[in-house]
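Structure first, commentary second.
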Amino acid sequence: MPDLSYGQPQLSEYEPAIKIPCTKGLNSTVSRINGSKTSRVHHLLSRNETRYFYYLEWATNVSDIREQFPLDIAETREIANKLDLKHANVRGNDIIMTTDFLISIDNNHVIARTFKMSKELNKKSVLKKFAVEKEYWDRRGVDWGIVTENEIDNVIVANIEFYHRSRSYLQDEKISEEHVNAVLRGIGTAEDNLKNVLLGTDEYYGLEVGQALSIFKCLVFKKRIKVDMRNKFSISMKCRDIQVM
């Protein structure tokens, strides 16, 4: 298996170069999100980084996500000097540059992605940073690219975020296989809508109202149930439009 570390730990052992304090306000655009692939908290510095992160969480071929990945400052200084560019700095002091996401694909190769709003792509300061970043990853044979808001479908991301909240519900609440199978069976055989099937499951098995919905959401995230992610979630969706895998 190839070495995908690039000088940093992987999965739960990785620590991003930039972290968001636990005390950061809930209304901020930054996010701290527990990852299903890495079993650690991810630190996202903008709402758009968060949206892209959910895409990566949902993708079946992504095996690791390392956000705010630090680049070796000695090398970025050398690259900046070679390109006759001023190194990234704060008040004249050089700082460690980062790549927004280093993504492991199928455990056999890595790609690097940086998010930037499309309206900022023509800024000289942005282009200079990107020139250094691209050269850094080119030297390692890593595919580096830019992601903009135009590549993110807000409906799909909202759906992923909705299901992601219940990603570990079965384990956290010690849900029995009987109740899981009841949800799967109800959806797979009913001609009713989702709301009635889930409420009926709650009532029949003596569950708290909403538990069957949480089971359903977890099963969707685990891809044991397939829904059309292009359509905004509706509790009234028809069971015939839902596929039990």
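Could you work out which residue, out of Tyr52, Tyr136, Tyr205, moves most in a Gaussian network model of the chain, that is, has the largest mean-square fluctuation with Cα springs under 10 Å? Of the options given, Tyr205 has the highest mean-square fluctuation. Within the chain, DSSP assigns beta bridges of which about 80% are antiparallel (rounded to the nearest 5). Note on the chain: GNM, Cα springs under 10 Å; of Ala131, Ala88, Ala74, the largest mean-square fluctuation is that of Ala74. Across all directions, the average flat footprint of the convex hull enclosing the Cα atoms of the chain is 15.8 nm².
Kirkwood-type hydrodynamic radius, segment 166-244: 12.4 Å, calculated from all non-identical alpha-carbon pairs.
Computed from the C-beta positions of Lys82 and Glu173 and an R0 of 45 Å, the FRET efficiency is 0.20 to the nearest 0.05.
Could you state, as a whole-number percent, how many of the C-alpha pairs of segment 11-151 are farther apart than 19 Å?
Of all Cα-Cα distances in segment 11-151, 54 percent exceed 19 Å.
Using only side-chain charges placed at the Cβ, +1 for Lys and Arg and -1 for Asp and Glu, the dipole size of segment 166-244 relative to its Cα centre rounds to 520 debye.
How much length is gained if the chain between Ser5 and Cys22 is pulled fully straight, taking 0.36 nm per residue apart and subtracting their Cα-Cα distance, in nm to one decimal? The partial results should precede the final answer.
Numbers: separation 17, 0.36 × 17 = 6.12 nm, distance 2.69 nm.
Here the answer is 3.4 nm.
Taking the C-alpha atoms only, the angle from helix 194-204 to the longest principal axis of the chain is near 60 degrees. Per-residue ellipticity at 222 nm computed for the chain from its helices equals -10500 deg cm²/dmol, with DSSP H segments shorter than 4 residues left out and the rest contributing -39,500 (n - 2.57). Helix 47-58 and the longest principal axis of the C-alpha atoms of the chain enclose an angle of approximately 60°. Comparing Ser214, Ser63, Ser125 in a Gaussian network model of the chain, where Cα atoms under 10 Å apart are tied by springs, the biggest mean-square fluctuation is seen for Ser125. If one takes the longest principal axis of the Cα atoms in the chain, at what angle in degrees, from 0 to 90 and to the nearest 10, does the Cα axis of helix 211-221 lie? Once rounded, the angle reads 40 degrees.
Quick note: the coordinates plus some simple rules give every number you see, no bench work behind them. Quick caveat, the model's predicted, so the values are computed rather than measured. No Cβ is skipped: glycine too gets one built from the backbone with ideal geometry, and neighbour counts run over all protein chains shown.
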